[in-house]
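For reference, the structure discussed in these notes is given below.
The values are calculated or read from the model by the stated rules, or taken from the named source; none is laboratory data. Just so you know, these numbers come straight off a predicted model, no measurement behind them. No Cβ is skipped: glycine too gets one built from the backbone with ideal geometry, and neighbour counts run over all protein chains shown.
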Amino acid sequence: MIAGLSKAITLYLSPVLMLTTIFLSLFAYLAPVLMLHDRVALLTVTPSVELVQPGSSNGIDGPSLFLGPLGSCSRTRNAGSVNCTAPTISPTYDLSALPGQGSNLSLTAPTPSTPAFMAIAISFSIIFFISFTLISFRHKMGKSSAIFEKPLVQRLSAWVGFFGFFIGITTFLVVRMWFGKAVDDFNASIEAQGQQAPHLIASTGNGFTMVWVAYAFYAVPLIVSLSKLNIAP
């Protein structure tokens, strides 16, 4: 039974989890400027008076801001259209929808190398997914499977997966700390203005939840690969 479970995880579950990892990582990376404009972001600013009047945020209308690795999207009211900046690895967030053209409410993007490292990590994960899947199913590929039997190829696949995991999760952790401080600073500036403050609140977005789920899934095929469990039955 244990052998059958190990085989099922190796041959079927691990590639599916790795594919899910790629999709979730891409969603978090490309949103909000290229997709899911007002649904997925790493940091959001939404209408609320929760910071100055706890429990009184229902029914507030106002500007919203959605920040991601490649740029930002915004709208001036809840039912308004969403406008996005052009995607770039060195984005400058458009804060014009915020009161006072965003003055005194500064939100800046991480360094330009950060999105680049994210892209590298996702590229490694795609290569790892392809190589891991081919190695796992090499017993079904006939004569063309010979190259995937070589230990060197399997080690290279495992190292590609490891570097993709390490670079990706490290980069997203750095971005999480960056945006976490940005949220604290933004909300502190709102609170400092008291009752005259804009009706806004900042929070880290659901993009990070997608990333943590993605890398939890990533760990399964990576451990399988590093443990050399992907052996043909």
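To keep it simple, each residue is scored yes or no on (1) in contact with a Pro (Cβ under 8 Å, 6 or more places away or on another chain); (2) farther than 19 Å from N187 by Cα; (3) at pLDDT 90 or above.
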{"residue": "L67", "(1), (2), (3)": "yes, no, yes"}
{"residue": "G71", "(1), (2), (3)": "yes, yes, no"}
{"residue": "R77", "(1), (2), (3)": "yes, yes, no"}
{"residue": "C84", "(1), (2), (3)": "yes, yes, yes"}
{"residue": "I89", "(1), (2), (3)": "yes, yes, no"}
{"residue": "S96", "(1), (2), (3)": "no, no, no"}
{"residue": "S106", "(1), (2), (3)": "no, no, no"}
Looking for something buried (at least 18 other Cβ atoms within 10 Å of the Cβ), among the polar types (S, T, N, Q) and without any contact (Cβ under 8 Å) to a residue 60 or more places away in the chain - is there at least one such residue anywhere in region 195-212? no
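Could you tell me whether region 210-226 includes any residue that is hydrophobic (A, V, I, L, M, F, W, C), farther than 30 Å from F128 by Cα and at pLDDT below 90?
no
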Any residue that is outside any helix (DSSP H, G or I), in contact with a Gly (Cβ under 8 Å, 6 or more places away or on another chain), buried (at least 16 other Cβ atoms within 10 Å of the Cβ) and in contact (Cβ under 8 Å) with a residue 60 or more places away in the chain - is there at least one of those in region 82-91? no
Selection from region 151-177 of residues over 16 Å from A219 (Cα atoms) and modelled with pLDDT under 90 yields P151, L152, V153, Q154, R155, L156
